[in-house]
Amino acid sequence: MSTKKKIIIAVAVIVLLITGNYIYDRHINHNFMTITEGKVYKSGVIPPDEIADYVKKYHIKSIVDLRFPGTGDDVNNPEVPSELKAEKEAVAKIPGVNYFNNGSDQVPKQQNLDTFFKIMDNKANYPVLIHCFHGIGRAQMYSAIYRIEYEGWGNDEARHQAAFPFMFSSFDDGKPKGEYLKAYKSRKQLKALGDK
């Protein structure tokens, strides 16, 4: 076999692997990802009839849903009220699992952060699943905030882990989410500034 054919076959295999992984992550595994083993996970929307399986597998005690209807943004926030209701009802049928709706824009408002911290400060809520619609925007944003607030990660480290590939993502330099995380001050930092 010629070198040219080997290269073409190798490239085709790589493309197939990347495509297969993308399809699995997005459409089968709902962009589910471990943020901190046994504590925090993130995902896109998990169909109501599959939620109990994830809860059982990862021992999830709380689900933080970052969606809210009526955003008018059919690309980033294509939420439908009946889908939120169906999820809430599905979670209500699972004993011992909390459902929290903390409808958020792509860049959090202070009231969203306050609600998020109230949930995450309560150790009884763990393990927690944080999710939005796609699992690659708001869920990643709040996962980065979690890492900064609760695990002591630096802003850039958390921001760079929020998207792959990082470059040209919504977390890149100059993008609203990227700039928000670059400038983000943890509660510990804000307290230190207030104590001076």
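The values are calculated or read from the model by the stated rules, or taken from the named source; none is laboratory data. Note that this is a predicted model, so its numbers are computed, not measured. Note that each Cβ is placed from the backbone with ideal geometry, even for glycine, and that neighbours are counted across all protein chains shown. With ligands, DNA and RNA removed, areas are computed over all heavy atoms of the protein, side chains included. Shrake-Rupley method; radii C 1.70, N 1.55, O 1.52, S 1.80 Å.
Taken together, the residues in region 141-179 that are open to solvent by less than 70 Å² (accessible area, probe 1.4 Å), within 16 Å of the chain's Cα centre (by Cα) and modelled with pLDDT under 95 amount to 10. Residue by residue through region 98-140, note down the ones that are of a type in the set (Phe, Trp, Tyr), touching a Ser or Thr at 6+ places or on another chain (Cβ under 9 Å) and at pLDDT below 95. Matches in region 98-140: none.
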